[in-house]
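K.L.:
What follows is a single structure, and I will ask about it in a moment.
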Amino acid sequence: MYSMNFDKYLIFIFIISTLTSCSLPTNTFKPKAAFEEYTTPTPPDYNQSKYWAALPMKQDNSDKTPIGIIKTKEENRPVDVFFVYPTIYIGTKKNQNQWNANVNDTAFNNSIDESTLLHQASAFNAIGKIYAPRYRQAHLYSYWSKDTASVNKAFELAYSDVKRAFEYYLENYNNGRPIMIASHSQGTNHSEQLLKDFFDEKPLQNQLVAAYLVGMPIYRGTFKAIYPCRDSTETGCFCSWNTYSTDHYPNNYHKKLYRAVATNPINWTTDGTPADYAENRGGLMPDFSLKNNVSNAKSNKGLLWIDKLNVNVPAPFLIKKNWHVADYNLFWVNIRENAVLRSQQFIDNQ
């Protein structure tokens with residue numbers, strides 16, 4: 001049974017070029033009726049490559065690297081990365097009648113490819129062959145709607161695609177190779193369930209290098225036998241963080257979020273050991289260029305805190321308290337290098 005592990009007041013969804021707040025963005029076109037009143041979009045057929053945003057056998061944006069980063073040939077990548085992207089679907093004025101995205105919508109697919117695939121999934125292409133299924137993700141409004149029946153159905157439909165895609169991947173592509181799970185935002189909601197269904201206390205757990213479950217709170221005890229990574233080299237574990245400005249606490253923080261795992265993606269600790277700007281190996285900018293020492297980071301009881309960014313951007317951008325949109329970008333090189341380090345450690349221990 002699929003179960004959502006989130007609180008509405010904690011959710012700030014990734015939309016490219018948009019920093020959201022705790023209210024629904026004004027450019028969102030929410031469904032006007034209940035889930036069952038609409039025909040669900042056609043399900044993706046994962047036997048067709050067009051229903052994969054990323055596949056090793058085709059060129060896509062997950063294969064790109066910024067200037068200064070040496071590309072790794074796909075045949076030399078020893079692990080697989082199953083990547084589940086965040087919420088992009090906000091509806092349109094002409095198509096205001098769906099709780100779930102249409103995977104045959106070219107404009108929607110392009111927005112995925114040009115945002116999360118390029119800026120997030122690409123962090124893993126030094127070591128991993130990347131598989132990212134297109135899926136009928138739940139509408140952004142699902143995180144605010146009080147129609148819980150429709151919300152649950154929307155998320156169940158979205159997860160059914162992710163699950164089928166992973167089953168297809170296992171049967172047709174994996175061939176016993178080590179696996180990383182990586183995700184952001186809504187993708188992390190689905191990846192959490194994926195780990196429960198396929199890895200936790202199951203034989204496939206032996207193939208798990210690590211899971212990067214970013215942009216949603218993952219609590220200690222979420223899994224029976226998959227634990228938070230304690231350092232930069234541990235394998236078979238998970239990392240998770242949600243980024244905010246130092247000293248900021250989201251609404252109702254003390255109700256639950258303080259119990260979330262907060263991995264520091266610069267030094268890979270969870271005990272509050274701070275990482276200075278000098279330890280940040282490079283953040284990925286909106287123009288797909290790298291900048292060194294872009295931020296510091298410190299884990300603090302369920303939150304990842306950062307101070308003022310070391311970037312030349314307009315002042316209003318710098319005073320944001322919620323950095324969900326940049327959970328990957330701020331630490332892109334550190335994530336990339338850590339994925340390589342954990343993979344090498346995993347392979348050496350086999």
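What follows draws every value from the coordinates through simple rules; no lab data is involved. This one's a predicted model, so the numbers in the text were calculated from it and none came from an experiment. Backbone-built Cβ (ideal geometry, glycine too); neighbour counts: all protein chains shown.
K.L.:
Divide by every residue of the chain the summed helix terms, -39500 (n - 2.57) for each DSSP H run of at least 4, and state the resulting mean residue ellipticity at 222 nm, rounded to the nearest 500 deg cm²/dmol.
P.N.:
Numbers: 6 runs with 69 residues, N = 350.
Dividing the helical sum by the residues of the chain leaves -6000 deg cm²/dmol.
K.L.:
Expressed in whole Å with the largest first, what are the equivalent ellipsoid semi-axes of the stretch 44-98 derived from the C-alpha gyration tensor as the square root of 5 times each eigenvalue?
P.N.:
Numbers: eigenvalues 173, 51, 19 Å².
Value: 29, 16, 10 Å, ordered largest first.
K.L.:
While we're here: Normalised radius of gyration for the chain, please: alpha carbon Rg relative to 2.2 N^0.38 Å, two decimal places.
P.N.:
After normalising by residue count via 2.2 N^0.38 Å, the value is 0.92.
K.L.:
Enter the mean projected area of the convex hull around the alpha-carbon atoms of the stretch 191-263, in nm², rounded to one decimal.
P.N.:
Values: hull surface 21.1 nm².
The number I arrive at for the stretch 191-263 is 5.3 nm².
K.L.:
How large is ³J(HN,Hα) for each residue in the stretch 66-76, as worked out from phi by the Karplus curve 6.51 cos²θ - 1.76 cosθ + 1.60 (θ = phi - 60°), to whole Hz, x for Gly and Pro?
P.N.:
x, 4, x, 9, 6, 7, 9, 4, 4, 5, 9
K.L.:
Give the separation of the Cα centroids, the stretch 266-317 to the stretch 39-94, in Å.
P.N.:
26 Å
K.L.:
OK, next. If eta is 0.890 mPa s and T is 25 °C, what Stokes-Einstein diffusion coefficient results for the stretch 126-200, Kirkwood Rh from Cα pairs, in µm²/s? Before the final figure, lay out each step's value.
P.N.:
On the way: Rh = 13.5 Å.
Reported coefficient: 182 µm²/s.
K.L.:
Something else about it: Got a sec? Charge dipole of the stretch 8-348, +1 on Cβ for Lys and Arg, -1 for Asp and Glu; which of 160, 127, 295 is way out at the positive end?
P.N.:
Comparing the listed Cα positions along the dipole, 295 ranks first.
K.L.:
Using unit Cβ charges (K, R positive; D, E negative) and no other charged atoms, how large, in debye to the nearest 20, is the dipole of the stretch 8-348 about its Cα centre? Please list the in-between numbers first.
P.N.:
Numbers: 36 positive and 31 negative charges, 139 e Å.
About 660 debye.
K.L.:
Shifting gears a bit: Pop out the ³J(HN,Hα) list for the stretch 153-161 in order, Karplus 6.51 cos²θ - 1.76 cosθ + 1.60 with θ = phi - 60°, rounded to Hz; leave Gly and Pro as x.
P.N.:
Result, ordered by residue: 5, 5, 6, 5, 5, 4, 5, 4, 5 Hz.
K.L.:
Provide the percentage of antiparallel DSSP beta bridges, counting only those with both residues in the chain; round to the nearest 5.
P.N.:
Working: 12 of 34 bridges.
Close to 35 percent.
K.L.:
Which net charge results for the neighbourhood of residue 36, defined as the other residues with beta-carbon distances under 12 angstrom from its beta-carbon, given Lys and Arg at +1 and Asp and Glu at -1? Kindly include the intermediate steps, with their values, before the conclusion.
P.N.:
Values: positive: 153; negative: 37, 147.
Once positives and negatives cancel, what remains is -1.
K.L.:
Now for a separate question. Determine which aspartates and glutamates satisfy two conditions relative to residue 163: a Cα distance under 16 Å, and not lying fewer than 8 residues away in the same chain.
P.N.:
Partners within reach: 45, 171, 192, 197, 200.
K.L.:
Under 5 Å between amide hydrogens, which residues at least 5 positions from residue 137 or on another chain qualify, with H placed 1.01 Å from N in the peptide plane?
P.N.:
101
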